[in-house]
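Structure first, commentary second.
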Amino acid sequence: VDGVASSCLFTVVDGHSGPSCSHVLAWSLLDYVAAACLDSAKLTAALNYWASPLAATGQPYHLSRRLDLFEPSTGRRLGHAANSPGPELRTHLRNRLQAYMRELVSRPHRSSIES
């Protein structure tokens, strides 16, 4: 992250509907955190890339490496359990992330380093 960002994102990771809830959060949460830390120029560059023909060349959905999951009661490593989502969910998640990024770009004075 260049400079200081004032945007924050908080969440409670709760698997109350089973592992699917946790997996969806694992698939998308880090992308939202990363987006919140980028300045408007970098967000715009990412949005422009996704709008280009290059984005359709089979690039993975994920912008960042996923965390390994652990079973807290046993301490057992579950590995890279949050496998990539299917095509429909991947498209939905990418569209929602892009909408969030466009919202961030449109916010005036969202970080202390931008005027």
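Taking every residue in the range 37-64 that is farther than 15 Å from Ser106 by Cβ and surrounded by 11 or more Cβ atoms within 10 Å (Cβ to Cβ) and pairing it with any residue that is at pLDDT below 85 and β-branched (Val, Ile, Thr), at least 6 positions away or on another chain, the pairs with Cβ-Cβ distances below 8 Å are Cys37/Val1. The single condition among (1) over 20 Å from Leu29 (Cβ atoms); (2) in a loop (DSSP other than H, G, I, E, B); (3) modelled with pLDDT of 60 or more; (4) not aromatic (Phe, Trp, Tyr) that Ala55 does not meet is (2). So which residues in the range 74-115 are modelled with pLDDT under 85, hydrophobic (A, V, I, L, M, F, W, C) and either surrounded by fewer than 11 Cβ atoms within 10 Å (Cβ to Cβ) or closer than 17 Å to Cys37 by Cα (or both), if there are any at all? The answer is Ile113, and nothing else. Scanning for something in a helix (DSSP H, G or I), at pLDDT below 85, surrounded by 12 or more Cβ atoms within 10 Å (Cβ to Cβ) and touching a Pro at 6+ places or on another chain (Cβ under 6 Å), does the range 21-36 turn up at least one residue? Yes, because at least one residue in the range 21-36 is in a helix (DSSP H, G or I), at pLDDT below 85, surrounded by 12 or more Cβ atoms within 10 Å (Cβ to Cβ) and touching a Pro at 6+ places or on another chain (Cβ under 6 Å).
The values are calculated or read from the model by the stated rules, or taken from the named source; none is laboratory data. Here the structure is a predicted model, which is why all the values come from computation and not from measurement. No Cβ is skipped: glycine too gets one built from the backbone with ideal geometry, and neighbour counts run over all protein chains shown.
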